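Colleague: To start, I am sharing the structure in question, which I have written as structure tokens.
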Amino acid sequence: MRYGMAKPGVGVARRGARVRPFIVMDVLREAQELQAAGVDVVRMEVGQPVGPAPRKVLEAAAAAMRNDDLGYTEARGILPLRERIARYYAEQHGIDVPVERIFITTGSSAAFTLALTALFNTGDFVAVANPGYPAYLNILWALDVNTILLPAGEAEGWVPTEQGVAQALDDGARGVLLASPVNPTGAMIPAQRLEALVRLVLGRGRAFISDEIYHRLTYGEEAQTALAFSDDVVVINSFSKYYAMTGWRVGWMVVPEWLTRTVEVLAQNMFISAPAIAQHAALAAFDAEDELQERKARYAANRAFLLDALPGMGLGKVAPADGAFYLYVDVRGLSDDSVALARRLLHEAHVALTPGVDFDPLEGQGALRLSYCGSEADMERACERLARWLQAQPR
């Protein structure tokens, strides 16, 4: 029997056809192609900390390669790492989280897939803040789940309001997925509002999913976890951002006790386990606090530098930037096509930025996202190039 191309009439499934490109990854590809051709590009498109993982993480990975067979782990993840995450919640938030409710995942992406698969059925509606991380919508659509966009723009203070969430629930949302701090804006949901939203959603018998992958990356008040207000929320976190382990593909999720077996069975079948070496390495990330705080101080300095420099270029209208490592900049004075503008800036100014439409399908054509987790020199070069390019544009 021969196997080859699909038979006539067999095509892309409707679920797959609904998924939109993750534009930042297209920008990344173009930037890498330019660099391969010898062009010096300042990379501010992806949320990827510059440099290797912390030294202790690398040492732990090397030790694991020498001393461990690095085979499959249980689907929940290795027990020492889950115990350390439980300790993190006790130390950071004063919360007791049983290890049985903690799962190690292949990055936060796998955690979102597991949570959304476990909680929602085909045709359900889930409310997602807008602007927000584009993969939320795309994973939901790939699962044949519908979405309701929660207004979270300038008029709402860049985070969802209780009225907006209540309206989404009235409109049939079976769950709400929120982030704090937010990608792309850096806005943070105040603890009092987060508590009110958790109580509102759970009080209606709906699911609440909290994306907390930018926790520890705040520049004022610390971010609060939704676990402080209920055991019935799903919380997702990652070692990619604060812990600077993007390519290691390791994250975690905390789920209610009643959801643990469902998530475990799904994880067994979808992923088997997160990469063993990444799990052993991640255990050491909690002991790299000195190095991680140095990185965070660099992000804070870059943030301050850009917030000071951008207004002089006519780019002073920026979302709050309370946390994460992004600035979401209004560029409506320059263009109403953020994709075309980002492409011009990449090819003409050699600065890679992300179009706002990636995060906001309604108003994102008027915004760009700048990632400031690179070096201080990168921020300076980017501003010099942007200023020159902007000065050369016809008035």
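Colleague: Evaluate the following for residue 59: is it at pLDDT 95 or above, touching a helix residue (DSSP H, G or I) at 6+ places or on another chain (Cβ under 9 Å), part of a helix (DSSP H, G or I) and surrounded by fewer than 18 Cβ atoms within 10 Å (Cβ to Cβ)? Can you show your working first?
Modeller: Details: at pLDDT 95 or above: yes; touching a helix residue (DSSP H, G or I) at 6+ places or on another chain (Cβ under 9 Å): yes; part of a helix (DSSP H, G or I): yes; surrounded by fewer than 18 Cβ atoms within 10 Å (Cβ to Cβ): yes.
So residue 59 passes the test.
Colleague: Evaluate the following for residue 49: is it buried (at least 22 other Cβ atoms within 10 Å of the Cβ), modelled with pLDDT under 95 and over 22 Å from residue 232 (Cα atoms)? Full working, then the answer.
Modeller: Numbers: buried (at least 22 other Cβ atoms within 10 Å of the Cβ): yes; modelled with pLDDT under 95: yes; over 22 Å from residue 232 (Cα atoms): yes.
Answer is yes for this residue.
Colleague: Also: With the requirement that a residue be surrounded by fewer than 20 Cβ atoms within 10 Å (Cβ to Cβ) and either of a type in the set (A, V, I, L, M, F, W, C) or in contact (Cβ under 8 Å) with a residue 60 or more places away in the chain (or both), what does the stretch 355-382 give you?
Modeller: Within the stretch 355-382, 361, 362, 363, 375, 376, 377, 378, 380, 381 meet the criteria.
Colleague: Can you name every residue in the stretch 209-231 that is in a loop (DSSP other than H, G, I, E, B) and within 24 Å of residue 107 (Cβ to Cβ)? Write out each step before concluding.
Modeller: At the first step, the residues of the stretch 209-231 found to be in a loop (DSSP other than H, G, I, E, B) are 212-217, 219-225, 229-231.
212, 213, 214, 215, 216, 217, 222, 223, 224, 225, listed by residue number.
Colleague: Go through the stretch 26-56 and give me each residue that's touching an Asp or Glu at 6+ places or on another chain (Cβ under 8 Å) and in a loop (DSSP other than H, G, I, E, B).
Modeller: Residues of the stretch 26-56 that are touching an Asp or Glu at 6+ places or on another chain (Cβ under 8 Å), as a first pass: 27-28, 31, 42-44, 50, 54-56.
Within the stretch 26-56, 44, 50, 54 meet the criteria.
Colleague: So which of 110, 90 is under 23 Å from residue 245 (Cα atoms), surrounded by fewer than 19 Cβ atoms within 10 Å (Cβ to Cβ) and among the hydrophobic types (A, V, I, L, M, F, W, C)? Give the steps one after another, and end with the answer.
Modeller: Numbers: 110 fails: surrounded by fewer than 19 Cβ atoms within 10 Å (Cβ to Cβ).
Only one candidate passes the filter, namely 90.
Colleague: Is there a residue in the stretch 341-354 that is touching a Ser or Thr at 6+ places or on another chain (Cβ under 6 Å), buried (at least 24 other Cβ atoms within 10 Å of the Cβ) and not in a helix (DSSP H, G or I)?
Modeller: Going through the stretch 341-354, the residues touching a Ser or Thr at 6+ places or on another chain (Cβ under 6 Å) turn out to be 341.
When the remaining residues are screened for being buried (at least 24 other Cβ atoms within 10 Å of the Cβ), the result is none.
No, the stretch 341-354 contains no residue that is touching a Ser or Thr at 6+ places or on another chain (Cβ under 6 Å), buried (at least 24 other Cβ atoms within 10 Å of the Cβ) and not in a helix (DSSP H, G or I).
Colleague: Count, please, the residues in the stretch 1-46 that happen to be among the hydroxyl-bearing types (Ser, Thr, Tyr) and either at pLDDT 95 or above or under 30 Å from residue 290 (Cβ atoms) (or both). Spell out how you get there, then give the answer.
Modeller: Of the residues in the stretch 1-46, the ones among the hydroxyl-bearing types (Ser, Thr, Tyr) are 3.
In the following step, the residues that additionally are either at pLDDT 95 or above or under 30 Å from residue 290 (Cβ atoms) (or both) were identified as none.
Summing the residues that are among the hydroxyl-bearing types (Ser, Thr, Tyr) and either at pLDDT 95 or above or under 30 Å from residue 290 (Cβ atoms) (or both) in the stretch 1-46 gives 0.
Colleague: Are any residues in the stretch 166-196 closer than 28 Å to residue 373 by Cβ and assigned to a helix (DSSP H, G or I), and if so, which ones?
Modeller: Passing the criteria: 191, 193, 194.
The values are calculated or read from the model by the stated rules, or taken from the named source; none is laboratory data. Source: prediction; values computed, not measured. With ideal geometry, Cβ positions are generated from the backbone for all residues, glycine too; neighbour counts draw on all protein chains shown.
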